[in-house]
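This report refers to the structure that appears directly beneath it.
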Amino acid sequence: MANTVLWWPEKRVEASLRSHVPAVVMNKSSKLKVGDWVEVRSREEILSTLDDGGCLDGMPFMPEMLAFCGKRFQVYKRAHKTCDTVFPVRGRRVSEAVHLDTRCDGSAHGGCQASCLLFWKDAWLRPVLGPSAGSATSASYPPEARSLAGRCSETSLLLAAQHPDPATGEPIYTCQATRLPYATESLEWWDARQYVEDYVSGNVGLWRLVCGFVYFAYLGLSNAGLKLGRPMRWFYDTFHPLWRGSPFPRRRGTIPAGEPTPAGDLDLREGDLVRIKPFPQILETLNTQNRNRGLYFDAEEVPYCGRTFSVLKRVTRIIQEKSGRMLEMKTPSFILDNVICESRYSECRLFCPRSIYPYWRGIWLERVDTPRTDNRGNESSNATQPDLTPVAKS
């Protein structure tokens, strides 16, 4: 979720919180690459790498991650950098970590439905040669395990996941997303070394790199104040099919700020097929701040417009990264299968591998009618047309 930009107060809060976090040794990337096989170490091995707050180098190991111990995965992305959504959205450098195809189920965090991609420190993994048993390259403990042995337990992990607010008693949650600023270091968009690592790690292909750089050069020229913006955006929108791209992603909604924005209830369930509306139709549901009922429509969602996907989850509660409090959505949103942020159009998080699921309002979607079946395999008549009746308030 987008955060309000309040530079000086946030800087003071960040400095205060960081003062309670051990120093983190950065600038040391993982040696693992996309496609490498790893085995998640045992519970005992991982617990022995953690401090008494359940962290390694400031990065929490969360209770939800215990379910993956002993299992094998291929590296999905090298997590040498990420985006911070706690303070104003920015790039951050991460030390010795990767992403596997594993997401948090929120079971220890109040049922949070964000399904965040998990960070795995190298010390929590054992390189193996393949998916079969008996292919480990090493069974030795990492150096961190010996220095911190015995300081953390599974009970400690659960206690670290949440604590009551002293004033209200409301639970405050702690997870990898809320603690990300304190387990990472600053990374400026113009640091070219990150893009070299994007390529050599296997995170990003050469064509995607070229497209990203060309887009930002094009965007910069269109915003240069030379009266080129409108014709350049027209050219982009007209000819983007030639390079198999999407429409120009940086456009504003049409509803004046402060006026009501519409909602639509599709009664969607997990597995239902939906088609994302074309970008121009979605713009008609957004105010000039690109929000619909408070939810921001990001440029990273534009490449998915007009395409069909299945519903992965209905989202009504998520943890706000900045406060750690649970937010209850007044208007439910949806996560779609295989629809992730690819960080194509945001310079402060270009090619970020975090692969966050964007949230979709029902009014941005239209049902692809398919018969539903009940638990006996009988077809039901729930494949109805969407109700797109505007509501009274935004």
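The values are calculated or read from the model by the stated rules, or taken from the named source; none is laboratory data. Values in this document were obtained by computation on a predicted structure and should not be read as measured data. Note: ideal-geometry Cβ built from the backbone for every residue, glycine included; neighbour counts use all protein chains shown. Surface areas here come from the heavy atoms of the whole protein model, side chains and all, with no ligands, DNA or RNA. Shrake-Rupley method; radii C 1.70, N 1.55, O 1.52, S 1.80 Å.
May I ask you to verify whether residue 208 is open to solvent by 40 Å² or more (accessible area, probe 1.4 Å), in contact with an Asp or Glu (Cβ under 9 Å, 6 or more places away or on another chain), not in a loop (DSSP other than H, G, I, E, B) and not acidic (Asp, Glu)?
yes
Given (1) over 27 Å from residue 358 (Cα atoms); (2) β-branched (Val, Ile, Thr); (3) modelled with pLDDT under 95, where does residue 85 come up short, assuming only one miss?
Among (1) over 27 Å from residue 358 (Cα atoms); (2) β-branched (Val, Ile, Thr); (3) modelled with pLDDT under 95, residue 85 violates only (1).
Out of everything in the stretch 278-298 that is under 22 Å from the mean Cα position of the chain (by Cα) and within 17 Å of residue 336 (Cβ to Cβ), what residue ends up being surrounded by the fewest Cβ atoms within 10 Å (Cβ to Cβ)?
Only one residue fits best here, namely 296.
Of all residues in the stretch 33-72 being closer than 18 Å to residue 107 by Cβ and either touching a Pro at 6+ places or on another chain (Cβ under 9 Å) or of a type in the set (A, V, I, L, M) (or both), which is most open to solvent (accessible area, probe 1.4 Å)?
Applying the filter and picking the extreme gives 67.
Hey, does the stretch 237-257 have a residue that's in contact with a strand residue (DSSP E or B) (Cβ under 7 Å, 6 or more places away or on another chain), open to solvent by 40 Å² or more (accessible area, probe 1.4 Å) and not in a helix (DSSP H, G or I)?
Among the residues of the stretch 237-257, at least one is in contact with a strand residue (DSSP E or B) (Cβ under 7 Å, 6 or more places away or on another chain), open to solvent by 40 Å² or more (accessible area, probe 1.4 Å) and not in a helix (DSSP H, G or I), which makes the answer yes.
For residue 38, indicate whether it is closer than 23 Å to residue 194 by Cβ, more than 22 Å from the chain's Cα centre (by Cα) and modelled with pLDDT of 95 or more.
Spelling it out, residue 38 is indeed closer than 23 Å to residue 194 by Cβ, more than 22 Å from the chain's Cα centre (by Cα) and modelled with pLDDT of 95 or more.
So how many residues does the stretch 330-340 have that are at pLDDT 95 or above and surrounded by fewer than 19 Cβ atoms within 10 Å (Cβ to Cβ)?
Summing the residues that are at pLDDT 95 or above and surrounded by fewer than 19 Cβ atoms within 10 Å (Cβ to Cβ) in the stretch 330-340 gives 3.
Against the condition within 19 Å of residue 82 (Cβ to Cβ) and exposed (fewer than 12 other Cβ atoms within 10 Å of the Cβ), how does residue 188 come out, does it pass?
yes
Checking the condition touching a His at 6+ places or on another chain (Cβ under 8 Å), open to solvent by less than 10 Å² (accessible area, probe 1.4 Å) and either in a strand (DSSP E or B) or aromatic (Phe, Trp, Tyr) (or both), which residue from 75, 98 passes?
After ruling out the rest, the residue left standing is 75.
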